[in-house]
Amino acid sequence: MVPDDLNLGNDIIRGTVLKYSIVVPFHNEEQNITELYDRLKVVMEATGEPFELVFVDDGSIDHTFLLLQQIAAVDRRVVVVKLRRNFGQTSALAAGFDHAQGEYVIAMDGDLQHDPHDIPLFLQKLREGYDIVSGWRKQRIDNFVMRRIPSRIANWLMAKLSGVELHDFGTTFKAYRREVVQEVPLYGELHRFIPALASAYGATICEIPIRNVNRERGESHYGISRTFRVFFDLITIRFLLRYMSRPLHFFGGFGALGAVTGLLIALFMFFEKFVRHVDVMEEHGPLLVFAAVLIVAGLQLVALGLLGELQVRHFHEPTKRVPYTVDRVLRSPRSAESALAD
């Protein structure tokens, strides 16, 4: 659901839609903000198109918001979204996407590891007609054992499970057509899977090599634990892509298999009891218990699948829920013509 202040902003620029929105989430990046802003401004002004910079403060506890506030005060093209607490990168990106007004949306990290001079490469591919352009850190310079090997394994699994042949799902540096990214619900840590989720809506996707730059200042927010969380996300994505609209096919399949197996064992017990007059509790006690467990578990899985079908109905209905809470938004009232003039 688009916030009211965004609707107001759309009314302000009704005459012409902004061409580009650069969405950057920040979390305790006070040492990198000013330089990133300067680099982005130079690159985007060179395009000659109206643009905006949407900076999201994801619950920083340093001077990040103060610096963003100062930048927004002197540059009307800067929109600052301050979240009430640290919601995580996916939610921060969702907040930025919701407040972006550009026809094309470019997302990147705020730690200077993404080079703004690569942005024209993304824009070129968007102009060629692609819906999503994903960055590929082809020449990675981070730790081989702790980062590159786990990343290669995770990316290979993501490509196979999602059916989207990308080399690098993990980078935030991606460009989207606005209408495409608005179709993808974001929560948890699903931002790295936007191409896979968007492919289910028929989005066209390509990949371009980008520079991989070492962090110059500040501390990295990523560790080896993030790689392990990715594998759990893979299970989620596989399920969403194949069974999001038909969960009963997943749970009901296992449930039916368990229930039928339990019933077959129960029929065998019935034959043993009333035809062969065998004391089944004495001879087949554990097997009888196993059959009962299979039947009950199978029925529960079928019921879980039915509940999932009800959730799918709610999923496809309009909702006002978003995975973040905004503290304030700094946006200068302006027209699209003034944005272009800037």
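The values are calculated or read from the model by the stated rules, or taken from the named source; none is laboratory data. Only a predicted model underlies this, so the values are computations on that prediction, with no experimental measurement involved. Here Cβ is always computed from backbone atoms with ideal geometry, including for glycine, and neighbour counts include all displayed protein chains. Side chains included, ligands, DNA and RNA excluded: accessible areas come from the protein's heavy atoms. Shrake-Rupley method; radii C 1.70, N 1.55, O 1.52, S 1.80 Å.
Per the conditions (1) outside any loop (DSSP other than H, G, I, E, B); (2) within 18 Å of ARG178 (Cα to Cα); (3) open to solvent by 10 Å² or more (accessible area, probe 1.4 Å), the sole criterion not satisfied by VAL105 is (3). When we screen GLU282, GLU272, GLU309 for residues that are in contact with an Asp or Glu (Cβ under 8 Å, 6 or more places away or on another chain) and assigned to a helix (DSSP H, G or I), the only hit is GLU272. Within the range 161-188, the set of residues being touching an Asp or Glu at 6+ places or on another chain (Cβ under 6 Å) and assigned to a loop (DSSP other than H, G, I, E, B) comprises LEU166, THR172.
The set of residues in the range 66-81 being open to solvent by less than 40 Å² (accessible area, probe 1.4 Å) and either more than 13 Å from TYR37 (Cβ to Cβ) or in contact with a Pro (Cβ under 7 Å, 6 or more places away or on another chain) (or both) consists of VAL81 alone. Residues of the range 20-53 that are within 24 Å of GLN182 (Cβ to Cβ), within 23 Å of the chain's Cα centre (by Cα) and assigned to a loop (DSSP other than H, G, I, E, B): HIS27 alone.
Figure legend. Inter-residue proximity from the range 98-126: first residues closer than 18 Å to ARG140 by Cβ, second residues open to solvent by 30 Å² or more (accessible area, probe 1.4 Å) and among the β-branched types (Val, Ile, Thr), beta-carbon distance below 9 Å, spacing 6+ or different chains. Indicated pairs: LEU112/VAL213; GLN113/VAL213; HIS114/VAL213; ASP115/VAL213. ASN86 fulfils the conditions (1) under 15 Å from VAL329 (Cβ atoms); (2) open to solvent by 40 Å² or more (accessible area, probe 1.4 Å); (3) touching an Asp or Glu at 6+ places or on another chain (Cβ under 6 Å) except for a single criterion, (1).
What pairs can you find where one residue is in the range 55-73 and more than 21 Å from GLN101 (Cβ to Cβ), the other is open to solvent by less than 30 Å² (accessible area, probe 1.4 Å), and their Cβ atoms are less than 6 Å apart, with a gap of 6+ or different chains? Qualifying pairs under 6 Å: GLY59/LEU83; THR64/PHE26; THR64/GLU29; THR64/ASP57; PHE65/ASP57; LEU67/ILE33.
Of the residues making up the range 245-300, just one is open to solvent by less than 60 Å² (accessible area, probe 1.4 Å), farther than 30 Å from LEU197 by Cβ and out of contact with any helix residue (DSSP H, G or I) (no Cβ under 8 Å at 6 or more places or on another chain), namely GLY285.
Does VAL2 count as modelled with pLDDT under 90 and either farther than 19 Å from THR172 by Cα or open to solvent by 10 Å² or more (accessible area, probe 1.4 Å) (or both)? When the stated conditions are applied, VAL2 passes them. Annotation for the range 168-184: no member residue is out of contact with any Phe, Trp or Tyr (no Cβ under 8 Å at 6 or more places or on another chain), open to solvent by 50 Å² or more (accessible area, probe 1.4 Å) and under 23 Å from GLY110 (Cβ atoms).
Selection of the range 54-87 for residues being over 19 Å from LYS19 (Cα atoms) and in a loop (DSSP other than H, G, I, E, B) yields ASP58, GLY59, SER60, ILE61, ASP62, HIS63, ARG84, ARG85, ASN86, PHE87.
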